[in-house]
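The values are calculated or read from the model by the stated rules, or taken from the named source; none is laboratory data. Values in this document were obtained by computation on a predicted structure and should not be read as measured data. Using ideal geometry, Cβ is built from the backbone for each residue, glycine included, and neighbour counts are taken over all protein chains shown. For the accessible areas, the whole protein counts, side chains as well, though only heavy atoms, and no ligand, DNA or RNA atoms are used. Shrake-Rupley method; radii C 1.70, N 1.55, O 1.52, S 1.80 Å.
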Amino acid sequence: MTGRTVPLSVRVTHEDADFLSELEIDGAESPSEKLRALIAEAKRKSETESGFTEAQAELQRLIRPLVEKVQDYEVNHDRYSQLLHLGLDWIPDAMAELVAQRYKVKSMQSDEAMQLLERRIADRMFRLIEGFLRLAVTQECEGYDPEVVQKRWSRIQQLINVVQMSEKIE
């Protein structure tokens, strides 16, 4: 009997009912529509082995409200944060890689497969490091706090110096 609906009666707390009424889901206005949308989303997630693209789209969807608030703030205050946008771009990208890899990594993997996983994660991490270092090139990065990078730079510079000294010793 696919396609036919079954009436359900559900009791929820007042807090959950308030949450459901305030929850914004595209195309769902009533509590019934919202519950159907939540069930469809949970079903889709449980049935899908997501790859990188699907995981990235889902993570971007989850943080979209934050990104929109940041964008509104920046437009309304004529401000921009390179560091914040680096994080908003990098974090879902890195998480999507991890989510996609969870389906690829089985309990008994070969050395080659694990080395590939390691390389993929290292690539993502080094992209963040390179992005951060680009921000450190100037005295003040474009941001809400122009010294946000410089305030942390001395610790990074100390670590770079230690790495350079250890290379000379070898």
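Data overview
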| item | result |
| --- | --- |
| Folded to 0 to 90 degrees: helix 82-104 orientation relative to the chain principal axis, Cα | 70 |
| ASN76 paired with GLN60, simple spin-label distance in nm, labels 7 Å along Cα-to-beta-carbon | 2.5 |
| Where the chain is the region considered: accessible area per residue in Å², 1.4 Å probe | 81 |
| Gain on full stretching of the segment that runs from ASP89 to ASP18 - 0.36 nm per residue minus C-alpha separation | 22.3 nm |
| Acute angle (nearest 10 degrees) that the helix 150-169 long axis makes with the longest principal axis of the chain, alpha-carbon atoms | 60 |
| Length released on extending from GLN109 to MET125, taking residue separation times 0.36 nm less the Cα-Cα span | 3.5 nm |
| Candidates ALA37, ALA136, ALA17, ranked by Gaussian network fluctuation over the chain, Cα under 10 Å, top entry | ALA17 |
| About the Cα centre, charge dipole magnitude for segment 28-166 (Lys/Arg +1, Asp/Glu -1 at Cβ), debye | 440 |
| LEU117-ALA40 FRET efficiency (beta carbon distance; Förster radius 22 Å; 0.05 resolution) | 0.10 |
| Angle in degrees between helix 31-47 and the longest Cα principal axis of the chain, rounded to the nearest 10 | 60 |
| Normalised contact order of the chain, rounded percent, pairs of Cα under 8 Å and 6 or more residues apart | 20 |
| Contour minus Cα-Cα distance for PHE52 and GLU29 (0.36 nm per residue) | 5.2 nm |
| Accessible carbon and sulfur surface of segment 63-122 relative to its total accessible area, %, 1.4 Å | 56 |
